[in-house]
Amino acid sequence: MTAGAQSASAPEVLDRHFERSCLLKTTPEALFAHFDDQTRLAGHMTRPSAMMGGGRMTYDFDSRRGMAVGSRIRMGGSAFGITMSVEEEVTERDPPRRKAWQTIGTPRLLIVEGYAMGFRIEADGGASRLTVWIDYGLPQGWIGRLLGWLFAGFYARWCVGRMVSDAGNSFPSATSAAEPA
């Protein structure tokens, strides 16, 4: 799903986009196998952090554990003392090249209404270029829209940046630092 696309079951337009890339010394197959596990990919959400106001999210998976198109992933938790929940569905899975998922139903989030996320992996010499991206829309209510306008971009950069950074911690970097896309 690309910027401007709509979620199958949500009316919002996902008109904002952010992505980040890095070059890692590993094969596309090894990198895909590592990131195909959503608990590794989004591990930053399971630990309390300042970005989550001290809160964290937990995961609940269907029998396919997010590793097949149509698989469902449910997250619940809190941020800044406010209960949040979201359900995602895997929309694309093409090992070892791409994987994407999007929110379904009505997410209960603070600064985004819904989102589509994913990663792509390209062989680059003896390394692999990982690009993680998010397309998102702002909440509809005026308070949520204001909070989203103020903080959603910052949050998108943090979330995508953490995924890329975590990959760099799991695999040696082929460059001195993660490269912005």
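The values are calculated or read from the model by the stated rules, or taken from the named source; none is laboratory data. In this text, all values refer to a predicted model and were calculated from it rather than measured experimentally. All Cβ positions, glycine included, derive from the backbone under ideal geometry; neighbour counts span all protein chains shown.
For the structure I just gave you, tell me whether Gly105 is more than 22 Å from Arg40 (Cβ to Cβ), in contact with a strand residue (DSSP E or B) (Cβ under 8 Å, 6 or more places away or on another chain) and touching a residue at least 24 places away in the same chain (Cβ under 8 Å). In short, yes. Just one of the listed residues (Val160, Val132, Val164) is part of a strand (DSSP E or B) and either of a type in the set (Lys, Arg) or under 14 Å from the mean Cα position of the chain (by Cα) (or both), namely Val132.
Do we find that Asp135 is among the charged types (D, E, K, R), modelled with pLDDT of 90 or more and within 12 Å of Cys22 (Cβ to Cβ) in this structure? Judged against the criteria, Asp135 is not a match.
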